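All remarks here apply to the structure that follows.
All of the numbers you see were taken from the coordinates with simple rules; none came from a lab. In this text, all values refer to a predicted model and were calculated from it rather than measured experimentally.
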Amino acid sequence: MPDRNDPTFFTVETANKTLPLVRKVVEDLMEEHRRLEEILPKLRKSDPDEALDSVEEAEQRFLREEAAKVSGDIERYMAELESIGCLFKGFDGLVDFWAMRDDRPIFLCWRYPEERITHWHEVEEGFQGRQPLEEAAAAASGFEAGEHDI
């Protein structure tokens, strides 16, 4: 799987081609995260001195199993994004794609539900350093494919 030491580099065009799949995976991730946020507050902390009746015990067991299932789904969705070569940055729908600009690595930045990639930022800056792509620069060699272009 790609990682920071051996990333997949994208052009704006190749990153945009992945968006139908990336969008679906991010939607699923965001939904599963919402589900987990609903489940976790209902789970009681274990207190050995507090006795639960059989209904409460069964409910807690179900919630623990459901939380484990949802957590596993979230991990699988994140692995799927990683296998595409992009980086999931948060449950607010941020995804970065490695790219090159002026012979240095940068991130093409996409945020759910944007239709296409319209921004980029320096690797060290993150979302707050997000800058709009200039159409001419995106079409020119300023954003170029790396050796792992998909």
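Annotation: amide H-H contacts under 5 Å for TYR112 (H modelled 1.01 Å from N, sequence separation of 5 or more, or interchain): LEU94, VAL95. Applied to region 76-86, the Karplus parametrisation 6.51 cos²θ - 1.76 cosθ + 1.60 on θ = phi - 60° returns per-residue 3J(HN,Hα) values of 5, 5, 5, 5, 5, 4, 4, 5, 6, x, 9 Hz, with x for Gly and Pro.
Taking N as the number of residues in region 12-144, what is its alpha-carbon radius of gyration divided by 2.2 N^0.38 Å?
Working: Rg = 20.1 Å, N = 133, 2.2 N^0.38 = 14.1 Å.
Scaled against compact globular proteins, the figure is 1.42.
Taking amide H positions as modeled 1.01 Å from N, with prolines and chain starts lacking one, the residues under 5 Å from PHE10 and 5 or more places away or on another chain are TRP98, ALA99, MET100, GLY146. Phi-derived couplings, Karplus 6.51 cos²θ - 1.76 cosθ + 1.60 at θ = phi - 60°, listed residue by residue for region 103-109: 6, 9, x, 9, 10, 7, 10 Hz, with x used for Gly and Pro.
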